[in-house]
Amino acid sequence: MAFECQESTEISKNLANYSESNHSSYNSAPENLETSKPSLDFNPKKGISSFYGSKQLPPNDVFTNARRSITDLPPALVSEILNYLDPKELGIISCVSTILHNIASEHHVWKEFYCERWGLPVASGLLGAGASDEKSWKKLFVERDFRSKTFLGRCSIDVLYGHTEAVRTVFLLASAKLIFTAGYDSVVRMWDMEEGLSMASSRPLGCTIRAVAADTKLLVAGGTDGFIHCWKAVESLKHLFDLKGVEKQNKEFRLWEHEGPITSLALDLTRIYSGSWDMTVRVWDRSSLKCTQVLRHGDWVWSLVPHDTTVVSTSGSDVFLWQTNTGTLLNVIQNGHVGNTYALARSCTGDFLFTGGEDGAIHMFEIISGSDESSVVQVATWIPHSGAVYSLAFEFPWLVSASSDGKLALIDVRKLLRAGKRTLGKRVSRDNDIDQRNIEPPQRMLHGFGCNLFSVGIGADRIVCGGEEGVVRIWNFSEALEIEQRARALRGIRLENRMRRRRLQIEMNNKGGRTDQCSVAAKKKTVNGDRNSVWHSKRSISSKVKT
């Protein structure tokens with residue numbers, strides 16, 4: 001209705017301007033009045049005055065503009081316009097009309113939104129049987145975005161016992177619902193993420209295991225003796241990997257080339273990345289199992305995180321950005337922290353980098369890729385810990401850190417991001433210079449256990465942590481939404497009962513005021529009636545006495 005009213009207002013303005021111009025033309029040329037006078041027809045059903053026979057204002061201009069909308073544009077142009085919207089704006093557009101709802105809901109950009117936040121889902125069953133790929137991505141996005149709010153709700157804590165010494169590394173493989181842990185006892189253990197039960201454990205590997213990484217095809221563990229122990233997935237096993245080596249003997253092997261303890265590992269579809277205290281990062285080909293690149297540093301390598309054709313590594317207090325195909329150093333962040341830079345994390349798009357160091361600080365950087373080189377810009381800084389930050393993990397929009405002070409910090413970075421063309425959170429909001437004082441502190445701190453938390457991982461609704469205590473803790477937020485919904489329902493019931501009692505009290509007070517007035521009047525009548533009765537009784541008594 002507002003749109004129609006606006007159109008009619010614009011039409012009336014055009015007509016008014018036209019009449020004024022005609023009026024001036026009449027005054028200037030009265031002799032041409034009869035020839036220039038337009039014929040005016042009014043349609044009471046449409047409520048629009050139409051002009052015919054006018055050469056100055058063709059009638060089609062008014063009516064054509066009045067009936068045009070975005071749905072009249074070519075579909076390719078509408079799709080291109082919708083590409084510039086973020087998920088919130090696209091959701092608002094879908095509420096305007098049925099046509100726009102169908103266009104916005106079926107738009108392919110929802111798949112891009114999902115993949116840029118959380119990556120491509122591994123399980124094909126998420127799309128549902130018989131559901132088309134394009135139509136189900138909006139539902140997937142909305143559900144996942146709704147689940148991302150669970151980390152502010154209530155949770156349950158599960159403690160997993162099995163390691164005999166400190167746990168140095170944990171890895172959460174959410175797609176397979178598995179957790180891998182290792183530490184000073186030289187044993188790699190596999191846990192069920194939902195049940196919290198031990199699925200399998202490897203034989204002792206002979207040294208401390210400081211790094212573990214896995215996907216659905218390969219599991220790798222790095223030892224202080226300089227080897228990378230690998231397990232290939234067994235298709236017949238429900239839990240993917242045969243850590244004991246009972247099923248098949250050729251599924252387990254080692255890679256040797258590092259000359260020092262391995263401190264970090266990572267995987268992608270075609271490569272294995274390993275960092276070591278021998279001051280190198282090695283890139284391995286997964287098919288040939290041969291080292292293809294050696295990236296040399298000037299100090300011990302503490303952490304690394306790859307994305308596409310680049311890898312970020314930390315050596316000492318510096319952070320390095322490398323091109324993995326050529327081994328070219330693209331950029332260096334010198335003295336990123338006071339002391340060593342221990343931890344790294346990266347967004348799914350690879351545009352944002354998070355670092356944690358010995359000074360207890362967490363820095364956020366944006367990586368801007370250019371044609372020749374890449375620039376790195378610092379965005380924000382948090383200092384939530386009193387000890388060194390040993391591990392970082394990122395799951396949009398949450399960044400979680402583990403520190404030697406025995407605490408976990410949860411930071412929501414959503415407000416620091418801005419939507420760009422076909423991206424969500426691909427550019428930092430630079431409309432106004434970011435003031436460090438305006439950056440929000442961590443939204444939540446998890447604590448209640450011993451010091452020295454060495455590693456942390458985050459999934460869709462769980463946080464896993466291991467430390468010096470030798471136990472693995474799982475914070476389960478899967479029921480947080482249900483708990484919050486039940487709590488809101490109970491609060492609503494209590495509020496409704498309170499309002500009902502209040503209404504009853506008000507009604508009783510009103511009735512009580514009327515009954516008090518009636519009782520006062522009744523008392524007055526009874527008093528008068530008693531007096532009359534007494535008076536009559538006295539008269540009757542006196543008459544009897546007289547008789």
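Some points to look at:
- Label point 7 Å beyond Cα of residue 369 along Cβ direction - residues of segment 349-363 with amide nitrogen under 13 Å: 349-352
- Annotation: peptides 188-196, 324-332, ranked by per-residue average of other Cβ atoms within 10 Å with the highest first, follow the order 188-196, 324-332.
- Long pairs among 111/232; 251/290; 88/177; 177/238, criterion Cα-Cα beyond 19 Å: 111/232; 88/177
- Derived scalar couplings ³J(HN,Hα) [segment 311-322; Karplus, 6.51 cos²θ - 1.76 cosθ + 1.60; whole Hz; x for Gly, Pro]: 9, 10, 9, 10, 9, x, 9, 9, 10, 10, 10, 10
- Annotation: extensible slack from residue 328 through residue 286 equals 13.0 nm (criterion: 0.36 nm per residue apart, minus Cα-Cα distance).
- FRET efficiency, 1/(1 + (r/R0)^6) with R0 45 Å, evaluated for residue 507 and residue 481 via beta carbons: 0.70
- Here segment 186-220 is scanned for amide nitrogen atoms under 18 Å from the site 7 Å beyond the Cα of residue 249 along Cα-to-Cβ, giving 203.
- The accessible area of residue 99, taken with all protein chains in place and a 1.4 Å probe, comes to roughly 100 Å².
- Residues whose placed amide H lies under 5 Å from that of residue 175, excluding near-sequence neighbours: none
- Length released on extending from residue 79 to residue 192, taking residue separation times 0.36 nm less the Cα-Cα span: 36.4 nm
- Rounded FRET efficiency, nearest 0.05, which uses the C-beta distance separating residue 152 from residue 237 and R0 of 22 Å: 0.05
- Separation in nanometres of the label points that stand 7 Å from Cα toward Cβ, at residue 335 and residue 299: 1.2
The values are calculated or read from the model by the stated rules, or taken from the named source; none is laboratory data. All values derive from a computational prediction rather than experimental measurement. All Cβ positions, even for glycine, are placed from backbone atoms using ideal geometry, and neighbour counts span all protein chains on display. Heavy atoms of the whole protein, side chains included, go into the accessibility calculation; ligands, DNA and RNA do not. Shrake-Rupley method; radii C 1.70, N 1.55, O 1.52, S 1.80 Å.
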